[in-house]
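Accompanying notes for the structure given below.
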Amino acid sequence: MAARRRAGREEVLDSIYIIVAQVLILVACVELCDAASVVDVYRLIQYDLSGAPLGSRLAGLNHHAGAAPFASGADLSRTAVIMPIRELNLTFLRDYITNRRPLGGLLLLLPQKSNEKIVEEIKKLGIDNKEAVMRNILVELEQLLIHANIPYPVYFAFEDDKINAALADVRKSDMATQPATATTGGYKLVVSSPEPKKLVSPTLTNIQGWLSGLKGEGDTNQLPTIAIVASYDTFGASPALSVGSDSNGSGVVALLEIARLFSRLYSNPKTRGKYNLLFGLTSGGPYNYNGTLKWLRSSDQRLRESIDYAICLNGIGSWNNELWMHVSKPPENAYVKQVYDGLSSVAKEMGIVIGIKHKKINISNPRVAWEHEQFSRLRVTAMTLSELSSPPEFLESTGGLYDTRSFVDETAIYRSVKLVAESLARHIYGHDGRNIQIFADNSSLAVNPSYINSWLDLLSMTPRVAPFLSKTDPLISALRKELSGHTDEVRVQHESLDGMFTFYDVTRARLNIYQVASVTFDFLLLLVLGSYLILLFSFLVITTRGLDDLINIFRRPPSRKVKGA
């Protein structure tokens, strides 16, 4: 009889355990599905400059979310701050970053079409020169982030419904009480990421295309060469977002279109000029044009000596009516004067202005402000054509956060291409100073706006931070293939980036947003659930075995001595 009761009791307990387990699993699944959202995030760059650690030094994130404004003296060491770019508080960021105040993490939100929406919002405020204002704000933010050693994770994300809803709830909670903690509940931001590792031997890839000129009968001398060069890589606060539509996507697009135009002229011996044309897509632009220097040093000396001059294209996609020609040699130099006069003549016909800026090279200073300076250091005459009137500071104007498609005017690139191509053609074919339209609009040799737009769109969707581009990256393959279609021979050169820079991986990740309850809520839920399970257990025992069995479960069993007696 006792054995039968014991067996029945065990059956009841087993059934109760199964029910409890199912209830707990069901509750957990429902909670997780309702509480978590996943979004793509892009990490702030991490690198070392001459051994000095810069950028974000951590990738993993696991903190409660908070949003400005915060109470004075609030402890944010365990808080991941969410801050939309359109409401950027540079004073708050500068205080926490420069004074190294403790912060759990930082999530900066970009609008989906960041610059278009940003400019629209600025326009609503009635501020003059709206685009310049927002550009300056984003440039200042980027310089603040990339030139500081930040001991916590910093990520960028694009605004969407999930993030905006979470941000609204966080703000509502913060205004009512205080920033979220383990005891108050709220939202939790979690990025599960491995510790960043150093990139081993990052590669710089240079691509060179060549169009051979036509020698005359009995001419054994080497033909002179004109080089058109553009650096294609970028650098910015986030390697995964550094598309550099203007700097220097615009220069790359212009070079490809100029190569396409002259390939049509040089394909026919009757219209092939008596100049070789060299087209160079170089890497390492943000790093003192390191790739350009290595490309030139590895080139045959006779080739370098044959170059009459080189024109470097850099940032020509957002100018209105004035371009600048930057030179290292005095403007009185014969080649410099020749190029400037040719450009000025065509510019006058187009109703635009070309200015000239002379900046001497300081050989003892490793800083290289313009690409043409690497040519000048090897005694090759060169100049840079740019919309910038003065050289940018180190790691500025290298394709950062603000430099996206919406800030670039394809018409500016179109005009730049026509200006350079027309002045080159007049010089090559001996028409200097004459008003002859070789690439006239609506002709078979006209500049192609569709070609410019398609390449500009592609480059504006492709991050191009050189250390993160492999030798077989699709972008490099596409540029090589395109240049092969316009030139006689293409050569690809791979070089290692000099050791001044050390880069780290983990450039993008997945952010989990959890809505978590407070400890008080968890305790009450546990109490209610426990009471419910006890009542359910008691009910099942009573209905199946009776009240006596329920009482016996909780009754203390008799001792062994009593049983023996």
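Along segment 411-427 the Karplus relation, 6.51 cos²θ - 1.76 cosθ + 1.60 evaluated at θ = phi - 60°, assigns HN-Hα couplings of 5, 5, 5, 4, 5, 5, 4, 5, 4, 5, 4, 5, 5, 5, 5, 5, 6 Hz to successive residues, with x for each Gly and Pro. Normalised per residue, the accessible area of segment 203-496 is 38 Å², obtained with a 1.4 Å probe and no contribution from ligands, DNA or RNA. Rounded, prolate or oblate: which fits segment 203-496, taking a ≥ b ≥ c as square roots of the Cα gyration tensor eigenvalues, rounded meaning a/c under 1.5, else prolate when a/b beats b/c? It comes out rounded by the Cα gyration axes. Close amide H contacts of D233 (hydrogens built in the peptide plane, cut-off under 5 Å, sequence separation of 5 or more or a different chain): G284, G285. The HN-Hα couplings worked out from phi for segment 283-290 by the Karplus form 6.51 cos²θ - 1.76 cosθ + 1.60 (θ = phi - 60°) are 10, x, x, x, 9, 6, 6, 5 Hz, whole numbers, x standing for Gly and Pro. Protection proxy ranking of 136-148, 361-373, by the mean of other Cβ atoms within 10 Å over each peptide's residues and highest first, is 136-148, 361-373.
For the pair D432 and N362, label points projected 7 Å from Cα toward Cβ lie 3.4 nm apart. Please give the net charge around R304, taking every other residue with its beta carbon less than 11 angstrom from that of R304, where Lys and Arg add +1 and Asp and Glu add -1. Combined, the nearby Lys, Arg, Asp and Glu give +1.
With Cβ to Cβ distances under 9 Å as the rule, what net charge do the other residues near I207 carry (K, R +1; D, E -1)? That works out to +2.
Label sites at T472 and D457, each approximated as a point 7 angstrom past Cα along Cα to Cβ, lie 2.9 nm apart.
For D432, nonlocal amide neighbours, meaning residues 5 or more places apart or on other chains whose placed amide H falls under 5 Å from its own, do not occur. Each residue, A165 and N136, gets one label point 7 Å from its Cα in the Cβ direction; the gap between the two is 3.9 nm.
Given axes a ≥ b ≥ c from the Cα gyration tensor, I'd like to know whether segment 267-425 is rounded (a/c under 1.5), prolate (a/b larger than b/c) or oblate. It is rounded, given that a/c, with a ≥ b ≥ c, falls under 1.5.
Beyond 20 Å between alpha-carbons counts as too far, so tell me which of K197/K294; K274/K294; K274/K359; K294/K471 fall in that bin. From K197/K294; K274/K294; K274/K359; K294/K471, over 20 Å: K197/K294; K274/K294; K274/K359. Each peptide among 427-435, 197-205, 78-86, 318-326 gets the average number of other Cβ atoms lying within 10 Å of its residues, and from highest to lowest they stand as 78-86, 318-326, 197-205, 427-435. List the trypsin sites (Lys or Arg not before Pro) in segment 319-362 that DSSP assigns to loop (not H, G, I, E or B) and whose Cβ has at most 11 other Cβ atoms within 10 Å. Which are they? Here the trypsin sites (Lys or Arg not before Pro) that fit, given the DSSP loop and packing criteria, are K360. To the nearest 0.05, what FRET efficiency results for T271 and N149 with a Förster distance of 51 Å applied to their C-beta separation? In this case the efficiency is close to 0.30. Remark on N89: its backbone amide H falls under 5 Å from none of the residues 5 or more positions apart or on other chains, H modelled at 1.01 Å from N.
The values are calculated or read from the model by the stated rules, or taken from the named source; none is laboratory data. This one's a predicted model, so the numbers in the text were calculated from it and none came from an experiment. Here the Cβ is made from the backbone with ideal geometry for all residues, glycine too, and neighbour counts use every protein chain on show. Please note that ligands, DNA and RNA were not included when accessible areas were found on the heavy atoms of the full protein model with its side chains. Shrake-Rupley method; radii C 1.70, N 1.55, O 1.52, S 1.80 Å.
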